[in-house]
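Chemist: Sharing a structure below in structure tokens format, with a few things to ask.
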Amino acid sequence: MVMASGRSTKARWVRGLLAGAAVLLGIVAAQAQTPVRFSLDWRWEGPAAPFAVALDKGYFAAEGLDVTIDPASGSREPISRVASGTYDAALGDVNSLVRFRDENPGKDIKAVMMVYDRPPFAIIGRKSRGITKEVSSLQGKTFGAPAGDGAFAQWPIFKAVNTIDDSSMKFENVGFPVREPMLAQGEVDAVFGFAMSSYINLKSRGVPADDIVVLLMSDYGVDLYGNVIIVSEKFAKENPEAVKGLLRAIMKGVQDTVKDPESAVDAVIKRNDVAKKDVELERLKMVLEQNILTPFVKENGFGGIDKVRFAKALDQIGLAFTYKEKPTVESVFTEEFLPAADQRKVN
């Protein structure tokens, strides 16, 4: 009986230990799955491939994150989404972020990872409408300029650094859906937009590639950065490890996309019923070449900034916007959540 009692006591002890372990594992698992609401800057198109890859390959889940990603209608919208608390993090235009922070000092949204080291802001025109690579060709022309467009928002800077008198130019406030169709039909001479969007959209509408002229603003003295990962102050303070995990997962998605763009774009296509692989692959490759894999990124890794250049960018934003209180580089962008430099190599 003593032996039986001993075995019974040991069995109860083992069962108790296992039950306790199960409860502990359950608590850990529950804690590990931190929900993250993330907003893209646009639709599910080629440039969104790194985020789709990170989802499909389980990179977010491996960091203990339950990430939901939604499209948006432009690179400004994600900022208001995060500011309102509807989303925890997003991909948005850093220049719009700078302005938003100055206009809304109580909303402390941080930029935590640079995605577009070189911005895609561009003026896209047609040779047949008299547009060339020369800035002087813009004189007297009519432009499709959506009021909420990130590229058009930089026109005052482009105009200032290139000493342009725009009194002979006409700017029509058009909707995003009709911007490229109007240019394709010759109703305007050029449009403001993101290079990879407008160029590809024009080609898909039958405009010959040799009739399309793209003036990337960064080639004409505009020193700005582009899209950046932003997080809300509240989410960052309450979940600093989750922010670090989010950026690690995005980093892996970027690295996989750089290595194999064709496979990466498949992750986008399955989320967009009307997208065509050849079109989105070309769009993705444009973004990789023009905006992501810059000489700075190849040398220093993805996600960080050149603080001297960022300071110049803040100066240029001031050409188009009167600051209430000019920000410092550190007040806008922080590197504290970035993966280590050796984990951010992309070449």
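Chemist: Take the residues of the stretch 105-123 that are more than 22 Å from residue 91 (Cβ to Cβ) and either in contact with a helix residue (DSSP H, G or I) (Cβ under 8 Å, 6 or more places away or on another chain) or of a type in the set (Gly, Ala, Ser) (or both): which is modelled with the lowest pLDDT?
Modeler: Filtering the stretch 105-123 down to residues more than 22 Å from residue 91 (Cβ to Cβ) leaves 105-106, 123.
Among the residues that remain, those that are also either in contact with a helix residue (DSSP H, G or I) (Cβ under 8 Å, 6 or more places away or on another chain) or of a type in the set (Gly, Ala, Ser) (or both) are: 106, 123.
On the way: 106: 84, 123: 98.
Per the criteria, the residue is 106.
Chemist: I'd like to know if the stretch 63-76 contains one or more residues that are outside the structural domain of residue 176 (by TED's automatic domain parsing), part of a loop (DSSP other than H, G, I, E, B), of a type in the set (D, E, K, R) and closer than 20 Å to residue 239 by Cα. Walk me through how you get there before you give the answer.
Modeler: Here is the first cut: in the stretch 63-76, the ones outside the structural domain of residue 176 (by TED's automatic domain parsing) are 63-76.
Narrowing further to those that are part of a loop (DSSP other than H, G, I, E, B): 63-64, 71-76.
If we keep only those that are of a type in the set (D, E, K, R) as well, we get 63, 76.
Pick out the ones that are also closer than 20 Å to residue 239 by Cα and you get 63.
There is at least one residue in the stretch 63-76 that is outside the structural domain of residue 176 (by TED's automatic domain parsing), part of a loop (DSSP other than H, G, I, E, B), of a type in the set (D, E, K, R) and closer than 20 Å to residue 239 by Cα.
Chemist: From the list 252, 244, which one is touching a Phe, Trp or Tyr at 6+ places or on another chain (Cβ under 9 Å), closer than 30 Å to residue 105 by Cβ and surrounded by fewer than 22 Cβ atoms within 10 Å (Cβ to Cβ)?
Modeler: Working: 252 fails: closer than 30 Å to residue 105 by Cβ.
The conditions single out 244.
Chemist: Then there is this: Quickly run through the stretch 271-295 and pick out the residues that are of a type in the set (S, T, N, Q) and part of a helix (DSSP H, G or I). Before you say what the answer is, go through the steps one by one.
Modeler: Narrowing the stretch 271-295 to residues of a type in the set (S, T, N, Q): 272, 290-291, 294.
Answer for the stretch 271-295, where residues must be of a type in the set (S, T, N, Q) and part of a helix (DSSP H, G or I): 290, 291.
Chemist: Taking the residues in the stretch 229-262 that are basic (Lys, Arg) and out of contact with any helix residue (DSSP H, G or I) (no Cβ under 7 Å at 6 or more places or on another chain) as candidates, determine which candidate is farthest from residue 93 (Cα to Cα). Before you say what the answer is, go through the steps one by one.
Modeler: Just the residues of the stretch 229-262 that are basic (Lys, Arg), to begin with: 234, 237, 244, 248, 252, 259.
Cutting the leftovers down to out of contact with any helix residue (DSSP H, G or I) (no Cβ under 7 Å at 6 or more places or on another chain) gives us 234, 237, 244, 248, 259.
Numbers: 234: 20, 237: 22, 244: 20, 248: 20, 259: 25 Å.
The selected residue is 259.
Chemist: Now for a different question. Could you please find all residues in the stretch 194-239 being among the aliphatic types (A, V, I, L, M) and part of a helix (DSSP H, G or I)? Give the derivation first.
Modeler: Taking the stretch 194-239 and keeping what is among the aliphatic types (A, V, I, L, M), we get 195-196, 200, 202, 207, 209, 212-217, 222, 224, 228-231, 236.
Within the stretch 194-239, 195, 196, 200, 202, 209, 217, 236 meet the criteria.
Chemist: Still on this structure, please answer the following. Does residue 101 count as over 14 Å from residue 247 (Cα atoms), modelled with pLDDT of 95 or more, not polar (S, T, N, Q) and not assigned by TED's automatic domain parsing to the domain that holds residue 329? Spell out how you get there, then give the answer.
Modeler: Values: over 14 Å from residue 247 (Cα atoms): yes; modelled with pLDDT of 95 or more: yes; not polar (S, T, N, Q): yes; not assigned by TED's automatic domain parsing to the domain that holds residue 329: no.
No, not satisfied.
Chemist: Hey, does the stretch 200-209 have a residue that's surrounded by 24 or more Cβ atoms within 10 Å (Cβ to Cβ) and in contact with an Asp or Glu (Cβ under 9 Å, 6 or more places away or on another chain)? Explain how you work it out, then say what you get.
Modeler: As a first pass, look at the stretch 200-209 and keep what is surrounded by 24 or more Cβ atoms within 10 Å (Cβ to Cβ): 202.
Of the ones still in play, those that are also in contact with an Asp or Glu (Cβ under 9 Å, 6 or more places away or on another chain) are 202.
Yes, there is a match, as at least one residue in the stretch 200-209 is surrounded by 24 or more Cβ atoms within 10 Å (Cβ to Cβ) and in contact with an Asp or Glu (Cβ under 9 Å, 6 or more places away or on another chain).
Chemist: Filter the stretch 133-151 down to the residues that are within 30 Å of residue 303 (Cβ to Cβ) and crowded, with 16+ Cβ neighbours inside 10 Å and list them by number. Let's see the steps before the verdict.
Modeler: Of the residues in the stretch 133-151, the ones within 30 Å of residue 303 (Cβ to Cβ) are 146, 148-151.
Once the filter is applied, which keeps residues that are within 30 Å of residue 303 (Cβ to Cβ) and crowded, with 16+ Cβ neighbours inside 10 Å, the stretch 133-151 yields 146, 149, 150, 151.
Chemist: Restricting to the stretch 88-132, what's the tally of residues that are surrounded by fewer than 19 Cβ atoms within 10 Å (Cβ to Cβ) and more than 18 Å from residue 318 (Cβ to Cβ)?
Modeler: Count: 8.
To keep it simple, each residue is scored yes or no on (1) assigned by TED's automatic domain parsing to the domain that holds residue 256; (2) out of contact with any Ser or Thr (no Cβ under 9 Å at 6 or more places or on another chain); (3) closer than 17 Å to residue 111 by Cβ; (4) outside any helix (DSSP H, G or I).
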{"position": "297", "(1), (2), (3), (4)": "yes, yes, yes, no"}
{"position": "305", "(1), (2), (3), (4)": "yes, yes, yes, yes"}
{"position": "314", "(1), (2), (3), (4)": "yes, no, yes, no"}
{"position": "319", "(1), (2), (3), (4)": "yes, yes, no, no"}
{"position": "322", "(1), (2), (3), (4)": "yes, yes, no, yes"}
{"position": "325", "(1), (2), (3), (4)": "yes, yes, no, yes"}
{"position": "330", "(1), (2), (3), (4)": "yes, yes, yes, no"}
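The values are calculated or read from the model by the stated rules, or taken from the named source; none is laboratory data. All figures in this text were calculated on a predicted structure; none of them were measured in a lab. FYI the Cβ positions are ideal-geometry reconstructions off the backbone, even for glycines, and counts take in every protein chain you see.
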